[in-house]
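Asks: Sharing a structure below in structure tokens format, with a few things to ask.
The values are calculated or read from the model by the stated rules, or taken from the named source; none is laboratory data. All values reported here derive from a predicted model rather than from experimental measurement. Using ideal geometry, Cβ is built from the backbone for each residue, glycine included, and neighbour counts are taken over all protein chains shown.
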Amino acid sequence: MGTSGDVTPLRILVTGATGFVGRRLAPSLVEAGYDVRAMTRRPEAYDGPGTPVGADVHDPDTLGPALEGIDVAYYLVHSLDSADFEQMDARAARAFGEAAAAAGVRQIVYLGGLGAEGDDLSAHLRSRREVEGLLGEGGVPVTVLRAAIVVGQGGISWELTRQLVKNLPAMVVPKWVSTRTQPIAVDDVIRYLVGVADRPEAFDRVFEIGGPDQLSYLEMLEIAAEISTGRQVPIVKVPVLTPRLSSYWLALVTDVDVTTGRNLIDSMGTEVLVTDFSIRDLVPGEPLSYGEAVRRALEET
């Protein structure tokens, strides 16, 4: 599985190699037999598997050397913590796609955001969709995996959930907690990411990925509270709590900054559920339940 032809291992670049997903993906790709190049802005500090390479998607001049000789490139970066993240991510995606094409990359794999086409998408999800298109403008086939909340230690959405149920004896929450979503364990995200590498049947396709449970944010909080603390956290819904106020509230009771919190909250009024299960034909296996994903995330904490 880890070879291109009979001899040479498939050469893979993982951007964001020290991030929430990247630091799990690189070891899994190495284990699968691939030749992994871990892209980071601080290669001297990288201590994971694979060969570190210094580059920054926001500095196009650094991308050519990082992509040289690469067969498959994973694009796992975003700028949610910046006020102008849409413009930053658009420029970075276009530059990366062009550099990948110039280097002869065969496939770009991108982890995007779940959400039905035609919806009034939030800025966050709208940006993810724009990146999907911009990555392919240079002509390299793009494989997109769209996920909602990814549950795992170190993920922003999970950290919000964990810290809320840990720090508060009771919660006053806005009405968007009734919105349904389809969380997925980070272990399953990694399994799908590895599974689409250098698969021609995955080129220029969009796959929706999610766990087996469709839950409201309120139900997710209740399940996480019961598993992590063994108790129920009293929750009171209020009809009006704007994204701006919600982000300040999150910044007060968690360590997630206001800008990131607001950009995430803007997306939480939109129902995001899996409607296409074709990824399971390409990468078989039953995804983990939300409860099991929570238990695994807590074991890592």
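Asks: Among the residues of the range 193-208, is any at pLDDT 90 or above, part of a helix (DSSP H, G or I), under 12 Å from the mean Cα position of the chain (by Cα) and within 26 Å of V30 (Cβ to Cβ)?
Replies: Yes, the range 193-208 contains at least one residue that is at pLDDT 90 or above, part of a helix (DSSP H, G or I), under 12 Å from the mean Cα position of the chain (by Cα) and within 26 Å of V30 (Cβ to Cβ).
Asks: So, in the range 21-39, how many residues would count as being closer than 13 Å to L10 by Cα and in contact (Cβ under 8 Å) with a residue 40 or more places away in the chain?
Replies: The number of residues fulfilling the criteria is 3.
Here is a yes/no grid of residues against (1) out of contact with any helix residue (DSSP H, G or I) (no Cβ under 8 Å at 6 or more places or on another chain); (2) buried (at least 16 other Cβ atoms within 10 Å of the Cβ); (3) at pLDDT 95 or above:
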residue: L25; (1), (2), (3): no, yes, yes
residue: L29; (1), (2), (3): no, yes, yes
residue: D35; (1), (2), (3): yes, yes, yes
residue: M39; (1), (2), (3): no, yes, yes
residue: D47; (1), (2), (3): yes, no, no
residue: G50; (1), (2), (3): no, yes, yes
residue: D61; (1), (2), (3): yes, no, yes
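Asks: Could you tell me how many of the residues in the range 189-221 are hydrophobic (A, V, I, L, M, F, W, C), under 19 Å from L288 (Cβ atoms) and touching a strand residue (DSSP E or B) at 6+ places or on another chain (Cβ under 8 Å)?
Replies: 8
Asks: Filter the range 63-97 down to residues that are acidic (D, E) and modelled with pLDDT of 90 or more and give me whichever is nearest to R24 (Cα to Cα).
Replies: D71
Asks: Can you pull out the helices (runs of 4 or more DSSP H) entirely within the range 228-301 that have at least 2 residues that are modelled with pLDDT of 65 or more and charged (D, E, K, R)?
Replies: Once the helices (runs of 4 or more DSSP H) in the range 228-301 are filtered for at least 2 residues that are modelled with pLDDT of 65 or more and charged (D, E, K, R), what remains is 279-282, 290-300.
Asks: Residue by residue through the range 10-23, note down the ones that are crowded, with 20+ Cβ neighbours inside 10 Å and β-branched (V, I, T).
Replies: Matches in the range 10-23: I12, V14, T15, V21.
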